[in-house]
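Below is one structure; the comments refer to it alone.
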């Protein structure tokens, strides 16, 4: 049954799940300081979509193939680590390359996160949300779907904030912003990995 407590609980769950996506948004804002509003909304929308779809996939798995899902959960920290190490390392190399070329301002203006990298980030930062399928397993599909939408809405708002903060700082840091963004992604990957391994 949906009530105020349900909305508050879903929003709180959304805040918790969105923290990794917020940090990645901050890194993307640093990496792409000339990001315009439509792109900010599009990037935040990608993260929100994945934060919606992952708990729903988890919900479906809990109600159908729970044994296979339980087996898969052990690989979630490894997948997130590998994906974020790849994207973070790529950002760092781009930043260092710009420093060597000595055309920092021009390079910063041309920097952007590719669609492929954005999808990888979306998966990496939301894959642990599969486990939320257990949290919302007691709900029927309609109520679980509403919970997913609330989580997505919270994620969208938080990620827009991260992108705006990162964009503002990125205009002042030049090539260092890309390196810092890459380091943030790698740190997030390690944090997800250690949390998943130690919590297993």
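The values are calculated or read from the model by the stated rules, or taken from the named source; none is laboratory data. Please read these numbers as outputs of a predicted model, since none were measured by experiment. Cβ: placed from backbone, ideal geometry, glycine included. Neighbour counts: every protein chain shown.
Looking only at residues of the stretch 162-194 that are under 15 Å from residue 17 (Cβ atoms) and touching a helix residue (DSSP H, G or I) at 6+ places or on another chain (Cβ under 7 Å), we find that the one that is modelled with the lowest pLDDT is 192.
A single entry from 24, 7, 60 fulfils the requirement of being in contact (Cβ under 8 Å) with a residue 12 or more places away in the chain and under 17 Å from residue 150 (Cβ atoms): 7. May I ask you to verify whether residue 87 is crowded, with 17+ Cβ neighbours inside 10 Å, in contact (Cβ under 8 Å) with a residue 24 or more places away in the chain and over 23 Å from residue 149 (Cα atoms)? Yes; evaluated as a whole, the condition is true for this residue. Looking at 104, 98, just one residue is touching a helix residue (DSSP H, G or I) at 6+ places or on another chain (Cβ under 6 Å), surrounded by fewer than 18 Cβ atoms within 10 Å (Cβ to Cβ) and at pLDDT below 75, and that residue is 104.
Filter the stretch 26-40 down to residues that are surrounded by 15 or more Cβ atoms within 10 Å (Cβ to Cβ) and at pLDDT 90 or above and give me whichever is nearest to residue 129 (Cα to Cα). Among those residues, the one meeting the criterion is 40. Within the stretch 142-152, the presence of a residue that is touching a helix residue (DSSP H, G or I) at 6+ places or on another chain (Cβ under 8 Å), over 24 Å from residue 4 (Cβ atoms), at pLDDT 85 or above and surrounded by fewer than 21 Cβ atoms within 10 Å (Cβ to Cβ) is excluded.
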